[in-house]
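Report on one structure; see the data block that follows.
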Amino acid sequence: MAEYPAGKAPKPGLNLYVATVPNPAKLTIMAEELGIPYNLISMDFADIKSAWYEPINPNGKLPALVHLREDGTSESVFESGACLLYLAHEFDKEHRFHDPVDTSGYWKQLSWLSWQISGYGPMMGQAVHFHRYTPEPVPYGAWRYGAECRRLNHVLEKQLSTSPFVAGTRPTIADFAVSIYAHSAKWCGIDISEYPHVQAWCEALAKRPGVQRGLQVPTPYMTSDDGVVDPANQDALRMMRAHFSKAFKEASDQWWQGGSKVVSLPSDHANYGDGGEAQ
């Protein structure tokens with residue numbers, strides 16, 4: 001196993017591997033809301049692609065956690081939804097932010113958590129990519145993901161019009177998961193004011209001290225709706241966009257080896273309107 005660089009090895013207790021981007025913020029918010037101690041391990045792009053991090057998260061993404069328990073056992077968990085469920089199971093014995101397994105509330109919370117990690121988060125993330133990070137404009141991608149984000153926010157708006165929180169009468173892990181993307185709607189190309197119940201819910205959560213603390217680590221969260229228009233952030237945001245545009249392009253090029261090898265099918269080109277077959 002590769003050696004940890006200085007400051008990256010897990011210490012006794014709960015270790016959160018994070019950066020100032022949406023998915024890791026879910027974990028710092030949850031930890032701050034629970035008031036539990038944790039070791040914050042700040043990561044950069046090189047860290048998540050390193051050999052030492054691969055056993056912690058084989059997918060090479062953030063967030064992840066390593067829990068070194070007092071009894072000598074340990075657990076590594078990756079993917080934000082799984083990490084939130086782990087934090088709830090291990091540290092929320094009073095069920096402040098989740099309901100017991102096999103209750104109706106549990107399944108409702110799990111449904112909305114799954115909705116976020118399978119749809120809302122990825123689609124908002126793709127919208128960010130096509131609106132903010134592509135090296136050149138890609139109108140179809142911006143249109144496709146922008147439209148889907150509006151559909152998903154319509155779903156969320158309808159839910160919050162009948163419920164103060166996404167899964168009931170109190171905030172849960174589902175709210176922490178969903179709200180981080182609503183909190184960053186402008187960065188995704190969405191005007192959250194078009195969804196008044198979503199906006200009110202998001203603003204109410206943002207006033208919670210635990211949420212506020214969670215958004216300050218490892219550095220202040222810049223891509224909130226306020227942050228992306230703050231004059232003090234513009235130079236940093238421009239640098240971030242330039243850096244990640246190049247990094248995402250290089251990462252994709254690594255796996256797009258021989259794009260001409262796309263599997264062809266007899267139905268190819270029918271969607272282009274000419275009805276023709278693959279050439």
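The values are calculated or read from the model by the stated rules, or taken from the named source; none is laboratory data. None of the values given here were measured: they were computed from a predicted structure. Note that we place each Cβ from the backbone using ideal geometry, even for glycine, and neighbour counts take in every protein chain shown. Remember, those area values only see protein heavy atoms, side chains included, never the ligands or the DNA or RNA. Shrake-Rupley method; radii C 1.70, N 1.55, O 1.52, S 1.80 Å.
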Point-charge dipole on Cβ atoms (K/R +1, D/E -1) for the stretch 24-122, about Cα centre, debye to 20: 280
Virtual spin-label span in nm between residue 158 and residue 219, 7 Å along Cα→Cβ: 4.0
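More than 28 Å apart: what percent of Cα pairs in the chain qualify? Mind dumping the intermediate values first?
Numbers: 16162 of 38781 pairs.
The share of Cα pairs beyond 28 Å in the chain comes to 42 percent.
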Would you list, by chain and number, the aspartates and glutamates whose Cα falls below 18 Å from the Cα of residue 158, excluding same-chain residues fewer than 8 positions away? 148, 175, 191, 194, 203
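With a Förster radius of 41 Å, plug the Cβ-Cβ distance of residue 208 and residue 263 into 1/(1 + (r/R0)^6) and report the FRET value to the nearest 0.05.
Numbers: r = 49 Å, r/R0 = 1.19.
The formula returns an efficiency of 0.25 here.
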Given q = 0.10, 0.14 Å⁻¹, what are the Debye log10 I(q)/I(0) values for the stretch 1-142, with equal point scatterers placed on the Cα positions and solvent ignored? -0.40, -0.75
Using 5 Å bins from zero, what percent of all Cα-Cα pairs in the stretch 135-279 falls into each bin? 2, 8, 13, 15, 15, 14, 11, 9, 7, 5, 2, 0
Scanning the chain for chymotrypsin sites (Phe, Trp or Tyr not before Pro) in DSSP loops with at most 16 other Cβ atoms within 10 Å, what's the longest stretch left with none? 53-255
HN-Hα couplings for the stretch 51-64 via Karplus (6.51, -1.76, 1.60; θ = phi - 60°), in whole Hz with x for Gly/Pro, come out as 5, 5, 8, 4, x, 7, 9, x, 7, x, 10, 10, x, 7
Vicinal HN-Hα couplings computed from phi for the stretch 99-107 (Karplus, 6.51 cos²θ - 1.76 cosθ + 1.60; Hz; Gly/Pro x): 9, x, 4, 6, 9, 4, x, 4, 5
Answer in debye to the nearest 20: the dipole magnitude of the chain about its Cα centre, from +1 Lys/Arg and -1 Asp/Glu charges placed on Cβ, is 280
Starting from the Cα of residue 249, draw a straight line to each of the lysines and keep only those under 28 Å, dropping any in the same chain fewer than 8 residues away. 8, 26, 49, 61, 186, 261
DSSP beta bridges in the chain [antiparallel fraction, %, rounded to 5]: 75
Hey, what's the chain come to in accessible area per residue, 1.4 Å probe, Å²? 53
Could you derive backbone 3J(HN,Hα) for the stretch 174-180 from the dihedral phi with the Karplus parameters 6.51, -1.76 and 1.60 (θ = phi - 60°), listing whole Hz in sequence and x where the residue is Gly or Pro? 5, 5, 5, 6, 6, 5, 5
I want to verify a result. In a Gaussian network model of the chain, Cα cutoff 10 Å, which of these has the top mean-square fluctuation: 70, 157, 33? 70
Carbon-plus-sulfur fraction of the accessible area of the stretch 68-183, 1.4 Å probe, in percent? 56
At 7 Å along the Cα-to-beta-carbon direction for both residue 3 and residue 42, put a label point, then send me their distance in nm to one decimal. 2.4
